[in-house]
Ligand code: T46
């Protein structure tokens, strides 16, 4: 499945925003707002100016990336097509299917990238070499 996933399988999901005079709240629930069960949450923060993250793909992992604060860009690559998404709203998340190369950059000062992931951390699920990724995607 991840071999044939494309950047067009990924989309920005607009989450419910409950507005309140004391501030807003957004809720994400398993298999409701997102098409997978959340097994792990982590977040990237204190990212130095000009730094980039990612530069890898996952065999199986699915994720939702949210700019919980600030903004950043996510470029997805399926070996044929690249698409860049800007995340800058805490009520929007980028759903990323498995089998796609991703790079994150243009982090604004103080930005926080919150990630909801379908599985626990497993280094064996990573493809960290771009040529290996291209071979994987082109290998029927
Ligand atoms: C992704 C982007 C958005 C752990 O020990 N546990 C974890 O759950 C994670 C995510 C990382 N780590 C360790 C492994 C490395 O020694 O933290 C270090 C940095 O990890 P990585 O190079 O994977 O970090 P990023 O920010 O480049 O990528 C991460 C996710 O791995 C990736 O799936 O999409 O955030």
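A few remarks follow.
- Residue satisfying condition, being closer than 20 Å to residue 15 by Cβ, at pLDDT 95 or above and more than 10 Å from the ligand (Cβ to nearest atom), within set 93, 110: 93
- Strands (runs of 3 or more DSSP E) contained in region 39-140 and holding at least 1 residues buried (at least 20 other Cβ atoms within 10 Å of the Cβ): 53-58, 63-69, 72-77, 82-87, 92-96, 101-105, 112-117
- Within region 13-36, being farther than 12 Å from residue 93 by Cα and buried (at least 16 other Cβ atoms within 10 Å of the Cβ) holds for one residue alone: 36.
- Flag if residue 88 is away from the ligand (no atom under 15 Å from the Cβ), touching a strand residue (DSSP E or B) at 6+ places or on another chain (Cβ under 7 Å) and under 17 Å from residue 115 (Cα atoms): yes
The values are calculated or read from the model by the stated rules, or taken from the named source; none is laboratory data. Because the structure is a prediction, the values reported are computed rather than measured. Cβ: placed from backbone, ideal geometry, glycine included. Neighbour counts: every protein chain shown.
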